[in-house]
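Here is the structure we will look at.
Rule-based calculations on the coordinates, nothing more; no lab input. What you are looking at is a predicted structure, and each value in this text was computed from that prediction instead of being measured. Glycine gets a Cβ as well: all are built from the backbone with ideal geometry, and neighbour counts include every protein chain shown.
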Amino acid sequence: MRDASVGRTVAGLITALVIGIGLMSLILGEARRTMTRSATEQNAVVTAAAAADVLARVRDDGGDLQAMTVALAAALPDLEQLRVIDASRRQLAASTHAADLEAGDFPQRLKREQKGWFDQAKELEAAHSTNVMEGKARKDEVLLRAVAADRLEVVLPLFDEDQVTGSVQAVTVAVLPADASGGLPGWIPVLAAALLLLGLLRLLPGGWPRFAAGLVVTAVALYLHASLGADTLTNTRLVGEQSVADHALDVSSALRGRPDVDADDLAVTRWNIDRFRVGRATFDDAGLVAVGRVEDGFDRDRGRFRQGAFVLSLLAVVFYYWVATGWARRTGTALVKHRSAYGFVVPAMIGMILLVFFPFFYGVLLSFFNKTLYNVNQPLYDLWVGFDNYVSIIADTGVVRTAEDGSRSINFQNFYWTLGFTILWTVSNVFIGTTLGLTLALILNVKELRFKPFYRIILILPWAVPNYITALIWKGMFHKQFGVINQVIQIGGGEPISWFDAWYTSFFAVLMTNGWLSFPFMMVIALGALQSIPNDLYEAARVDGAGRVQAFRFVTLPSLKPALVPAVILSVVWTFNMFNIIYLVSQGEPAGATEILITDAYKIAFEQYRYSYAAAYSVVIFLILMVYGIWQNKVTKATEGI
Amino acid sequence: MTKPVFWLATLAVAVVLVPTVAMAEIELVVWHAYRGKEKAAFESVVEVFNQDHVDDVRVKTLAVPYDAYADKITAAVPRGKGPDVFIFAQDRLGGWVEAGRTMEPIDFYLYEEITDDFIPSTLEAMQYQGNTYGLPMNFKVVTMIYNTDMVASPPQTSTELIEVAKLHTNEAGGKFGLAYSYSDFYYHSALMNAFGGGVFQGSRDPVLNSFENVQSLELMMQWFDVDKVMPAEPSSSLITMLFNQGDAAIVFSGPWFLSEISESIPYALATLPTVDEAGGAPMQPWMTVEGAYIAAPSQNKDHAFDFVLYLTGPAAGKTMALEGRQTPANLRVYDDPEVAGDVQLSAFRAQVEHAVPMPNFAEMTMVWSPATTAMNSIVRKASSPQAALDQAQKDVEERVKSLRK
Amino acid sequence: MSNRNDSVPHFWLHLFLVFMVLVTVYPILWVLTVAFSGQQALMFVDLPPDPSVLDRVRAVVPWPAQVSVQNFVDVFSQQPFGRWLLNSALVAAATTVMGVFLATTAGYAFSRFRFPGRRAGMMSFLISQMFPGTLTLVPLYIIIVQWLHLGSNYLGLILLYSTTAIPFCVWMLKGYFDTIPRELEESALMDGASPAVIFWKIILPLSKPAVAVTALFSFMTAWNEFILALTIMDQESMYTAPVGLRFFVGGFAEQQWGYFAAGSIVAALPVMALFLFLQRFLISGLTAGAVKG
């Protein structure tokens, strides 16, 4: 903080404001464009809905569909082309498109290259029936796409009673809402105020006060900018909604008075529908915009903008801190000074960032949404749930389940049981693997012991043979009637055991399997590490009168530490996430008691299709392991040099 | 031949060959998970298609190991990096339709002349939310397989079944009259459906703990625990071993089992018995149907459909039935005298009349874990069928709810 | 090397080792039994009715009813298993070279240089192992196939496997480098050698045991991986051996455990060969101490 010179504070302030206000303006601009676009789209939907309404009525009355199609395209100002698909008869029922008119009279049988139109109608039919069946709005019943820079195509279902039997495709010329911007762009007064405040900095003493003053200026500027931005958003929204209401009235008056149009069909609110064909009710039949209703619907958008602004402000503050305290300059100097060190690390780091950290951040991001199979195609920002997934994982505290008859049992599906079991599984596995591996390595390092190459090559076998088959062989060995282990027990006069009936016997079975699979790895690590111990250390210890135990404690173990500590930490991490063995051998039996967290996460993602929840689960696993890693690192000082 | 002449000749041949190669412009990529005989038969069928379409289409196949096949499709197809056509059982169909950009609806191509050729229940398995996404190639269904040295005539009813089974059971000696993966919910479906039970009803609401399902499990436990005619922990490898050693008289299994039977065991197939306890209704196993689907991002959908039509047609079906030992879904294959005369194929064809297509919507995968847990705790006698199913019902309801949230 | 165990009679050590060898080998003998049975069934014990103790003893001895090499013949003749082994060997060898190269350089920097971000860098390598990989298949597919256009390409797999192996290798090597006395480098520095020269000429030769361990680890990472290889490769001729092995089992089809076992045995052989080759570095007299003295 002592470094907070005026120059640096100003540099920090400018960096922070440029980043904060710049990025905020970007998202603000994007939000406004989105609002304008959705008003434009809504205008197109209104036109299409009006056309579809009229067409459905004509079809029901047995009128001339083609004549009405042509009449509608002429009557409605923004309607350019119209096409009616009768999917139940695989026909093109009516159209204004030149190519369709050339092809002959209507109805025409749909050709193979027109399959897409048929599929669209069927898609709308399926969407409608799904929404009805599930009793809510999940699938789009209005399809929208831009066919040219200023042309939108809207596809709506055509109903016969309650059944979707076809579709109406309408191409419209975009009807844009009035430009809602007015007054000064929000950032100009803010920047001016900030610059004025700069003068004050000179008057303040260096260190904390100046740093704090800079911080306050940054915060105030960002806040002002954000709230001005939010106001423009509200304004844009209302202007957009007014444009939709006006447009709906235009459409209505264009149709009014036609002999073939029923006046009852001209209630404009009927056409103001969202993508699930649910009425939006943002204005009434007179075209009066319901401001309260619009604002209600807008709250979520504004909330999202506020959250975004908050995150950006934090980012800006971080940059302010980075520059103002001189940290940035130090980073630059360090990069130059230690360039050979960074040169050594960079190749590995690039690979890690691309292939390890990127998917990791994707997972973390996903965990804050509610993405499932059923909404996988909805835009991610509609699915924001914040920390809900985490809360529901952690709040799952019912370890003990009380049955109706009052008896109590452990709920093996519970998160905390699974966590406890995972820890037990990890600790016992790493203990067995490390002890066995280390012991074997020490023995195999004994001078003049015979057959060492033979032992070494045999003992690494469990690592060498693909574990898919050896794990299943182990599972077979634990079979109640036909497994080797129970046969041996019976040879010894014992009773056969149902290994997968109780959690502790099931645990024993997976532990044996995984212990068998994992000790060779530790053995190889320890063998390698033992080579780093200079002989003279032992000599010295012996001269000092140390016994075997002391030599092991004071010479062997400390020398093994640099290699063994990372191996143990990583073993813990890998065993914690050891999916295969549980999945293949115990399969969680009995009743999910021997599931570990990672098998749970797998099931959530691939059996329950709750991608975000599974991601949150993964992040929880990650956090648990990170706490362990930090603790272990502290205890063993593994990142310290010698 | 001197060297220059040789090169000239080569050049001439090349000039002649190149245009014909260049003409086969459209390449269709097909993914499948067949192996062994099935793969050989499939590839020979594809080869015939290629011969017939030398001028326009060339089909290239890629075999993918089953265990990660679905993951590969999920990763590749929506990104436009997948095949034009792929073959898969119907169980993932609903999920892929929901995920989008994976399954191409094909109703547009379908007319009654086409659809009438298929066994109706197999075609039904290809439909989701009123749209058809594939044509059925083969179905796989569990039936009764018995050792003819031990069982002279196949039991027709559950009472007869248990009578026969008891004759061939000696638990201490590891001999069992009946062996099937009864604790596997998939295999149990035959009994469940016999009682009129099921997993979902109406708007896909789970009904795992229905009265019928409980009844069916009580009967299963009767066989296992009271009649004691079945082995413990019945994994599929164990059942294969028991049957091959002559230690199991009757097995309920599907076509995959037949090629695992050792040559020394004489066996025959019969339709699963009726269940006296369910008022004489037949056992009705769940059927899986392998469909050929067009990938939504395919650039050659019309050609892909022509290929799918060929693949599910009678000629291809006959090869796959006789050489690949698969059971085609196309009815016209069974008009062929060679196929009709094949006792195994006719046995599965007969069984399919009493089979229910396994649900193809995504909610189905949520059933397996809770159902397996329930099945195991029932078999372990850790809880009653009713209590275990109540718990499973609760779990599945919760999962369905959180998916639809 | 250690003298401390000299007073433990070798007899007891051999006894323990023989016991461990038996435990190690027993399940593998069952794999061999399945492989050499000529059959496809996964083995369970086979008992006569009312078995005696002797029957049970005979039943727990893994030995096929008849010995046949048919499974091995079929594995190679009915599919391009040789090709797949070759692909695996290529990918695994390249992964080993790349993984060891990236890890030795990074490990050396972490061990020898003091620079800002050193601890954070090391921790980030460790932390990267903590995020479970269940959900990363699709993001990895997007990166490798869509962004880098390395679908159906050995390089894609090599990159993936190297980065999987790097964190462990870096930590392992960093720990080992820490034990090498700095005096050696300091005298070289006096002679005007650059860090790169010191690294290649002094540090690497002294670290053979640790490099051997990391090489084996990198190789194994690539050798046994299955899902990524399957997802990324779109041609049968590009599959690796573990992908080929999975053709034999799974799904609603006959289970070819005999082929699987035979293939597994074959797949284990290169690993054994590599270990045989590397183990002289694991027991070599060439230790840091020896050089120092």
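Based on the Cα coordinates of segment B:287-381, what is the per residue volume of their convex hull in Å³?
Considering the Cα atoms of segment B:287-381, their hull volume per residue is 143 Å³.
Dipole size in debye (nearest 20) for segment A:427-594 around its Cα centre, Lys and Arg Cβ +1, Asp and Glu Cβ -1?
320
Tell me the Rg and the Dmax, in Å, that the Cα atoms of segment C:1-68 produce.
Looking at segment C:1-68, its Cα Rg and Dmax stand at 17.9, 56 Å.
Using Cα-only point scatterers and the Debye equation, what is log10 of I(q)/I(0) for chain A at each q in 0.08 Å⁻¹, rounded to two decimals?
Results for chain A at q = 0.08 Å⁻¹ read -0.92.
May I have the extent of the alpha carbons of segment B:40-116 along their three principal axes, as whole Å values ordered from largest to smallest?
35, 33, 22
Give me the three principal axis extents of segment A:452-554 from the C-alpha atoms, as integers in angstrom, largest value leading.
59, 30, 25
What do you get when you divide the Cα radius of gyration of segment B:224-277 by 2.2 N^0.38 Å, with N the number of residues?
This ratio for segment B:224-277 stands at 1.21.
Summarise the long-distance tail of P(r) for chain B by giving the % of C-alpha pairs beyond 39 Å.
Here the long-distance tail beyond 39 Å is 25 percent of all Cα pairs in chain B.
For the pair residue A:410 and residue A:449, how long in nm is the line joining their label points, each one 7 Å along Cα→Cβ?
Reported label-point gap for residue A:410 and residue A:449 is 3.8 nm.
Near residue C:246, within a Cβ-to-Cβ distance under 15 Å, what is the net charge of the other residues, with Lys and Arg +1 and Asp and Glu -1?
Local net charge: -2.
Along the three principal axes, how long is segment C:75-292 when you take its alpha carbons, biggest first, rounded to the nearest angstrom?
Principal axes ranked by extent give 68, 39, 26 Å for the Cα atoms.
So, with +1 on the Cβ of K and R and -1 on the Cβ of D and E, and no other charges, what is the size of the charge dipole of chain A about its Cα centre, to the nearest 20 debye?
Its charge dipole is roughly 3940 debye.
With Rg and the Kirkwood Rh both taken from Cα atoms, where does Rg over Rh land for segment A:240-329?
Across segment A:240-329, the Cα-based Rg/Rh ratio is 1.38.
If one takes the longest principal axis of the Cα atoms in chain A, at what angle in degrees, from 0 to 90 and to the nearest 10, does the Cα axis of helix A:208-255 lie?
So the helix axis and the longest Cα principal axis differ by about 40 degrees.
Any chance you could give the angle, 0 to 90 degrees and rounded to 10, that helix A:291-324 forms with the longest Cα principal axis of chain A?
On a 0 to 90 degree scale, this one is about 40.
Using +1 at the Cβ of each Lys and Arg and -1 at the Cβ of each Asp and Glu in segment A:427-594, identify which of A:494, A:482, A:435 lies farthest towards the dipole's positive end.
Projecting each Cα onto the dipole axis, the largest value belongs to A:435.
Under a crude label model (7 Å from the Cα following the beta-carbon direction), how far is residue B:218 from residue C:124 in nanometres?
Distance between the two pseudo-spin positions: 6.4 nm.
Of the options C:147, C:88, C:103, report the single residue whose Cα projects farthest towards the positive end of the charge dipole of chain C (beta-carbon charges: Lys, Arg +1; Asp, Glu -1).
Of the candidates, C:103 comes out farthest on the positive side.
Would you mind calculating the relative contact order of chain A from Cα pairs under 8 angstrom and at least 6 residues apart, reporting the percent as a whole number?
Relative contact order for chain A comes out at 14 percent.
Whose amide H sits under 5 Å from the amide H of residue A:158, counting only residues 5 or more places off or on another chain, with H placed in the peptide plane?
The list, which skips near neighbours in sequence, is A:165, A:166, A:167, A:168.
Ignoring solvent entirely, what values of log10 I(q)/I(0) come out of the Debye formula for segment A:226-290 at 0.24 Å⁻¹ when each Cα is a single scatterer?
For segment A:226-290 at q = 0.24 Å⁻¹, log10 I(q)/I(0) is -1.00.
With everything on Cα atoms, drop me the angle between helix B:36-52 and the longest principal axis of chain B, reported from 0 to 90° to the nearest 10.
The helix B:36-52 is inclined about 30 degrees to chain B.
What value does segment A:50-173 have for Rg/Rh, both radii from Cα atoms and Rh as Kirkwood defines it?
When Rh is taken as the Kirkwood radius, the ratio is 0.95.
Shielding by partners for C:94-101, please: the mean number of other protein chain Cβ atoms within 10 Å of each residue's Cβ.
Average per residue, whole number: 1.
Tell me which residues come under 5 Å, amide H to amide H, from residue B:61 once H is placed; ignore anything under 5 positions away on its chain.
Those lying under 5 Å, H to H, from residue B:61 are B:30.
Counting Lys and Arg as +1 and Asp and Glu as -1, each charge on the Cβ, what is the dipole of segment C:75-292 about the Cα centre in debye, to the nearest 20?
500
With no solvent and one equal point scatterer placed on each C-alpha of segment A:516-573, evaluate the Debye formula and give log10 I(q)/I(0) for q = 0.15, 0.16, 0.17 Å⁻¹, two decimals.
The Cα Debye sum returns log10 ratios of -0.50, -0.55, -0.61.
Give the peptides C:149-160, A:493-504, A:607-618, B:351-362 in descending order of average Cβ contacts within 10 Å, highest first.
A:607-618, B:351-362, C:149-160, A:493-504
Among A:397, C:257, A:361, whose Cα lies farthest out toward the positive end of the dipole of the protein assembly as shown, if unit charges sit on the beta carbon of Lys, Arg (+1) and Asp, Glu (-1)?
Sorting the options by dipole projection puts first A:361.
Based on the Cβ-Cβ distance from residue B:153 to residue B:331, what FRET efficiency comes out when R0 is 51 Å, to the nearest 0.05?
0.95
Please work out the FRET efficiency for the pair residue A:384 and residue B:116, using the Cβ-Cβ distance as r and a Förster radius of 56 Å; give the result to the nearest 0.05.
It comes to 0.65.
Can you give the translational diffusion coefficient of the protein assembly as shown in µm²/s, computed by Stokes-Einstein from the Kirkwood radius over Cα pairs at 25 °C and 0.890 mPa s?
Reported coefficient: 69 µm²/s.
How far apart, in nm, are two points set 7 Å out from the Cα along the Cα-to-Cβ line at residue B:25 and at residue B:48?
Here the answer is 2.9 nm between the modelled labels.
How much net charge surrounds residue A:626 when only other residues with a Cβ under 15 Å from its Cβ are counted (Lys, Arg +1; Asp, Glu -1)?
Spelling it out: positives minus negatives among the neighbours equals +2.
Ignoring everything except DSSP H segments at least 4 long, calculate the 222 nm mean residue ellipticity for chain A; use -39,500 (n - 2.57) per segment, divide by total residues, nearest 500.
My calculation for chain A gives -20500 deg cm²/dmol from helical runs alone.
What is the distance in Å between the Cα centres of segment B:309-343 and segment A:288-306?
62
Out of residues 5 or more away from residue B:175 or on other chains, whose amide H comes under 5 Å of its own, with H placed 1.01 Å from N in the peptide plane?
Correct list: B:170.
What does the structure give for A:562-572 when I average, per residue, the other chain Cβ atoms found within 10 Å of the residue Cβ?
Shielding by partners across A:562-572 averages 5.
Tell me the mean residue ellipticity at 222 nm calculated for chain B from its helices only (DSSP H runs of n ≥ 4, each -39500 (n - 2.57), averaged over every residue, nearest 500).
-12500 deg cm²/dmol
So what's segment A:97-136 giving for Cα Rg divided by 2.2 N^0.38 Å, two decimals?
1.63
Would you tell me the mean number of C-beta atoms belonging to other protein chains that fall within 10 Å of each C-beta in B:242-249, as a whole number?
2
Given R₀ = 41 Å, what would the calculated FRET efficiency be for residue A:60 paired with residue B:401, taking r from the Cβ atoms and rounding to 0.05?
So the FRET efficiency works out to roughly 0.60.
Would you mind getting the Kirkwood hydrodynamic radius of segment A:572-642 from its Cα pairs, rounded to one decimal in Å?
13.6
Quick check: the distance between the Cα centres of segment B:77-97 and segment C:184-229, to the nearest angstrom?
Each part reduced to its Cα centre gives a spacing of 45 Å.
Take the alpha-carbon positions of segment C:1-136, form their convex hull, and give its projected area averaged over all directions (one quarter of the hull surface) in nm².
It is 17.2 nm².
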